[in-house]
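Shown next, in structure tokens, is the structure this report addresses.
The values are calculated or read from the model by the stated rules, or taken from the named source; none is laboratory data. This one's a predicted model, so the numbers in the text were calculated from it and none came from an experiment. Glycine also receives a Cβ, built like all others from the backbone with ideal geometry; neighbour counts cover every protein chain displayed. These accessible areas exclude ligands, DNA and RNA; they are computed on the full protein's heavy atoms, side chains included. Shrake-Rupley method; radii C 1.70, N 1.55, O 1.52, S 1.80 Å.
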Amino acid sequence: MKVLVANHMMGQTFRFETGAVSHTGVVRDHNEDSCLSEPDAGLWVVADGMGGHHGGEYASGLIVEHLGSIGLPSSAPDLQARFVERVARANEQIHTHGAQVGATIGSTVVALLAFEQHYACVWSGDSRVYMIRDGQLTQLSRDHTEANELLDRGAITQEEADNWPRKNVITRAIGVSAEINLDHRYGTLRNRDTFVLCSDGLTAHVEDAEILEIARKHQPQRACDQLLDLTLERGATDNTTVMIVRAFDKTEVGPITNIFELPEKGA
């Protein structure tokens, strides 16, 4: 999937090029990942469902379904409000469905929101968003995992966290509780900023340095395809979804403002 969109807002012209791929992998027999690209709205999403064939697909698919109706925002706060409202509605439906079937089902979510020169990354769970800027790869999200929580509390060292036997146990997801708990980071777009959104099926097999090398060398769709190929070559033990978004501008951007107003400790 390749999308080129030009946005003309307040004299600022941005063009977004998007690539995306989602695959069941080698081991699993169904794909519980879902993704969404809505460049006109300034929204890109990856969701990784959990709860088995009927649970995980349902959860990630419902998140994408709700966000697919986001429409065209009038401002960054409006985009934020539309995003949070739709995720909250999806959370309520997933949580209710899980109670009805007597199972814990849910989905991670990671999203890139962009309006004018501003961007926000929003996430719950261990799906990730990276940014490539000036030849450097930075992980903008922080995995909501048991290992990271223990690390943050000083209960284990970084080395212990890297080798934690339950390192893939997540501590947040959409649908597992009555309230949503989202983290965010925001900033100002620069020309050729590149964002990589992915489920943990990619990062289980591909190192950050490899993501950087491939994403820098190729257009977004080609980079997505190559990252998937590399994952498949290495066994692809989980569903794998990769989305790459590259931004182009034609004018100077102003200084960052706190235009996205998600609370620091969740919404």
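Check Asp126 against each of (1) closer than 23 Å to Val206 by Cβ; (2) open to solvent by less than 10 Å² (accessible area, probe 1.4 Å); (3) not in a strand (DSSP E or B) and name the one condition it does not meet. Going through the list (1) closer than 23 Å to Val206 by Cβ; (2) open to solvent by less than 10 Å² (accessible area, probe 1.4 Å); (3) not in a strand (DSSP E or B), Asp126 breaks only (2). If I filter the stretch 212-234 for residues that are open to solvent by 10 Å² or more (accessible area, probe 1.4 Å), modelled with pLDDT under 95 and in a loop (DSSP other than H, G, I, E, B), do I get at least one hit? Taking every residue of the stretch 212-234 in turn, none turns out to be open to solvent by 10 Å² or more (accessible area, probe 1.4 Å), modelled with pLDDT under 95 and in a loop (DSSP other than H, G, I, E, B). For the stretch 156-172, a residue qualifies if it is modelled with pLDDT under 75 and hydrophobic (A, V, I, L, M, F, W, C), and the qualifying residues are Ile156, Ala161, Trp164.
Quick grid of which residues meet (1) part of a helix (DSSP H, G or I); (2) touching a residue at least 24 places away in the same chain (Cβ under 8 Å); (3) under 17 Å from Asp183 (Cβ atoms); (4) hydrophobic (A, V, I, L, M, F, W, C):
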position: Ala103; (1), (2), (3), (4): no, yes, no, yes
position: Tyr130; (1), (2), (3), (4): no, yes, yes, no
position: Leu137; (1), (2), (3), (4): no, yes, no, yes
position: Glu149; (1), (2), (3), (4): yes, no, yes, no
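Report yes if Glu65 is open to solvent by 40 Å² or more (accessible area, probe 1.4 Å), at pLDDT 95 or above and not in a loop (DSSP other than H, G, I, E, B), otherwise no. For Glu65, the condition - open to solvent by 40 Å² or more (accessible area, probe 1.4 Å), at pLDDT 95 or above and not in a loop (DSSP other than H, G, I, E, B) - is met. Kindly check whether there is at least one residue in the stretch 68-76 that is part of a helix (DSSP H, G or I) and in contact with a helix residue (DSSP H, G or I) (Cβ under 7 Å, 6 or more places away or on another chain). Within the stretch 68-76, not a single residue is part of a helix (DSSP H, G or I) and in contact with a helix residue (DSSP H, G or I) (Cβ under 7 Å, 6 or more places away or on another chain). Entry remark, the stretch 27-49: residues being farther than 17 Å from Val129 by Cα and acidic (Asp, Glu) number 3 in total.
If the condition is being more than 21 Å from the chain's Cα centre (by Cα) and of a type in the set (A, V, I, L, M, F, W, C), then the stretch 70-107 contributes Ala99, Val101, Ala103.
Tell me, please, whether a residue that is among the charged types (D, E, K, R) and surrounded by fewer than 18 Cβ atoms within 10 Å (Cβ to Cβ) can be found in the stretch 96-119. No, there is no match, as no residue in the stretch 96-119 is among the charged types (D, E, K, R) and surrounded by fewer than 18 Cβ atoms within 10 Å (Cβ to Cβ).
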